[in-house]
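Below is one structure, written out as structure tokens; comments come after it.
The values are calculated or read from the model by the stated rules, or taken from the named source; none is laboratory data. Quantities reported herein were computed from a predicted structural model and do not represent experimental measurements. A quick note on method: Cβ atoms are made from the backbone with ideal geometry, for glycine too, and the neighbour counts reach across all protein chains shown. The area values use the complete protein model at the heavy-atom level, side chains included, leaving out ligands, DNA and RNA. Shrake-Rupley method; radii C 1.70, N 1.55, O 1.52, S 1.80 Å.
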Amino acid sequence: GLLNDVDLAIAMLLHDGPDDQIEKCPPALIEVLYGKRVRALVDSLTNPSKCHPKLNREARKAMDRKHISEAGIYTKMLKMIDQIDNLRELDLVQDPGFAILYCGESAMLHEVLAATPSASSSPYGILLDELRTTIDGIRNKTGVKP
């Protein structure tokens, strides 16, 4: 089952590697060490906008949402776990402006993920609900209305 899927756990641990440290964590190395499935999962979690740094943030995020909308169910679930984690790490005191921006982007991502046909099924639905709850909690703390 999903909870015993070691490949998913490894992909979750490695997913930022190619985005943040491509020299130290190239996709080919991930494949050699962990196999084709882990590499494919990590590749699917890598935002395509990383290859387009000159685009503005809004355009990059739209590109990334389109990418995730076309991804498989496991990639979408890993993306939600990552997004929830990123939201929980936001510093609402030091940088409330970024927190508000990121919450808005996360809400748009949530809409994309909620459009997935199996969105209401567990554990996908549980993650979807947790993402929404996390976004709403930050919005309440920052006084931003949806």
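Odds and ends about this structure:
- Residues that are within 24 Å of residue 72 (Cα to Cα) and hydrophobic (A, V, I, L, M, F, W, C) within the range 43-61 comprise 45, 51, 59, listed in sequence order.
- Annotation: residue 82 fulfils all but one of (1) touching a residue at least 40 places away in the same chain (Cβ under 8 Å); (2) farther than 26 Å from residue 38 by Cβ; the unmet one is (2).
- Qualifying residue in the range 85-101 (condition: open to solvent by less than 40 Å² (accessible area, probe 1.4 Å), among the basic types (Lys, Arg) and more than 24 Å from residue 37 (Cα to Cα)): no
- Selection of the range 88-126 for residues being under 19 Å from residue 13 (Cβ atoms) and either assigned to a helix (DSSP H, G or I) or in contact (Cβ under 8 Å) with a residue 24 or more places away in the chain (or both) yields 88, 123.
- Of the residues 54, 66, 24, the single one that is farther than 23 Å from residue 101 by Cβ and open to solvent by 60 Å² or more (accessible area, probe 1.4 Å) is 24.
- Selection status of residue 37, at pLDDT 90 or above, open to solvent by 40 Å² or more (accessible area, probe 1.4 Å), charged (D, E, K, R) and outside any loop (DSSP other than H, G, I, E, B): yes
- Residue 104 vs. criteria modelled with pLDDT of 95 or more, more than 25 Å from residue 44 (Cα to Cα) and either touching a Cys at 6+ places or on another chain (Cβ under 9 Å) or surrounded by 13 or more Cβ atoms within 10 Å (Cβ to Cβ) (or both): no
- One residue alone among 10, 30 is among the hydrophobic types (A, V, I, L, M, F, W, C), open to solvent by less than 40 Å² (accessible area, probe 1.4 Å) and in contact with a Phe, Trp or Tyr (Cβ under 6 Å, 6 or more places away or on another chain), and that residue is 10.
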